[in-house]
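Presented below is the structure to which this report refers.
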Amino acid sequence: MMMRWLGLLCLFGACAPVAGAGTGLDPARLERIGEAVGEAIRAGEIPGAVVIVGRRGAADYCRAFGNRALVPAVEPMTVDTVFDVSSLTKVMATTPAVMILVEEGRLRLDDRVSRYLPEFTGGGKEKITVRQLLTHYSGLRPDFDLSREWSGTAGALRELWGMKTEAEPGTKFVYSDLNFIALGEVVRALSGKSLDVFARERVFAPLGMNDTGFLPPQALRGRIAPTEPRRNTLRYLGGRAEALDTMVRGEVHDPTAWRMAGVAGHAGVFSCARDLARYARMLLGESAYGGKRILSPATVEAMTRPQSPAGARPERGFGWDIGSDYASPRGDLLGGGYGHTGFTGTSLWIWPDEGLYVGVLTNRVHPDGGKNINHLRGAIANIVAAALLP
């Protein structure tokens, strides 16, 4: 029997109490998720988690485990906890924004980025296409050097305009936040709206994702899972770490997005399990959820099939991971599908053939950096795969 403090039944509309048999999941097997999460908590890998699993239009399982905060005071995890989803920003905000512009005829994927951002030239960047940004085959380095002094979006763009490629575009996979910072600027240049406004108006609001967005309001602060002190985050990329010891809560964890005032194409979105489920169900419903169409079925199919250069490995879709070293949320038993991870401890994997999604939301970096949770992500996927009914 799972310890009582490890589990809370889901209490909101998008999630139902565990009763998976109606949609093809064995509820008894799903209960093993609690054991896997409990083991990770006891090992100090995470302070707590929210796990949501759905199939065929329903949420079969939604549970909260452990605590969302340990420092400065212990707070129990709840199913409506809001998380900094980190790099899930790439596929929840930036990628759909780009694909909306493609659908509207304002953007072509094989155009060079310089067509839309004239400053994006020099150092080999003039050859980079929008497609190469989306698949991480641009040749750009992974991130900025934060030991350099700059701040704000304007400062980030000056750094980006001066960046040189480190590989010939289209020849090498390098997972790069710079790719999605550039894509966020493409969205602004073509739409006339900043990425946070465009994503809210065109993606989050139509889907009823009311707790999702950049720059979360103060009213949400009590439900937001803290991460770690800013001093720690700045060490990741060589940035300065003056006396910044306050626990980060409600501000983006990613140091580059923080310097960009919280809105960037690669990080900055906050979300909760209910909203993550709404987004996953929109994709599984061939882009329509709750009567709102965000993307056409053709766009969803194109976005989530291999789009890397012919014969290249790893395989990436537009934004989405299909088969790379980052695919731990897929587990070992179910092949295929697509998904993404976030550095803070979040992940989403979707298997369209099964009509199945698994979302894992943790703040693994709290309170002081955390540990690798790829084992936990894969273990949860394996438990869900074993719970599939004919």
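The values are calculated or read from the model by the stated rules, or taken from the named source; none is laboratory data. Quantities reported herein were computed from a predicted structural model and do not represent experimental measurements. Cβ coordinates were reconstructed from backbone atoms using ideal geometry, including for glycine residues, and neighbour counts include every protein chain displayed.
Below are the figures for this structure:
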read-out: Of the criteria (1) farther than 20 Å from E35 by Cα; (2) in contact with a strand residue (DSSP E or B) (Cβ under 6 Å, 6 or more places away or on another chain); (3) of a type in the set (F, W, Y), which one Y357 fails; value: (1)
read-out: Answer from G311, G317, G331, G359 - the residue that is at pLDDT 95 or above and in the same structural domain as S138 (by TED's automatic domain parsing); value: G317
read-out: Which listed residue is touching a helix residue (DSSP H, G or I) at 6+ places or on another chain (Cβ under 6 Å) and either closer than 17 Å to F120 by Cα or not assigned by TED's automatic domain parsing to the domain that holds Q132 (or both), from L207, L183, L157; value: L183
read-out: Matching residues in segment 85-124 - criterion: being surrounded by fewer than 24 Cβ atoms within 10 Å (Cβ to Cβ), aliphatic (A, V, I, L, M) and in a loop (DSSP other than H, G, I, E, B); value: L107, L109, L117
read-out: Segment 184-202: number of residues that are without any contact (Cβ under 8 Å) to a residue 40 or more places away in the chain and of a type outside the set (A, V, I, L, M); value: 5
read-out: Residue list for segment 136-155, filter: in contact with an Asp or Glu (Cβ under 9 Å, 6 or more places away or on another chain) and not acidic (D, E); value: G139, L140, R141, P142, F144, R148, W150, T153, G155
read-out: Search result, residues across segment 42-56 that are over 21 Å from the mean Cα position of the chain (by Cα) and not basic (K, R); value: A43, G44
read-out: Condition met for I322 (in a strand (DSSP E or B) and either among the basic types (K, R) or surrounded by fewer than 24 Cβ atoms within 10 Å (Cβ to Cβ) (or both)); value: yes
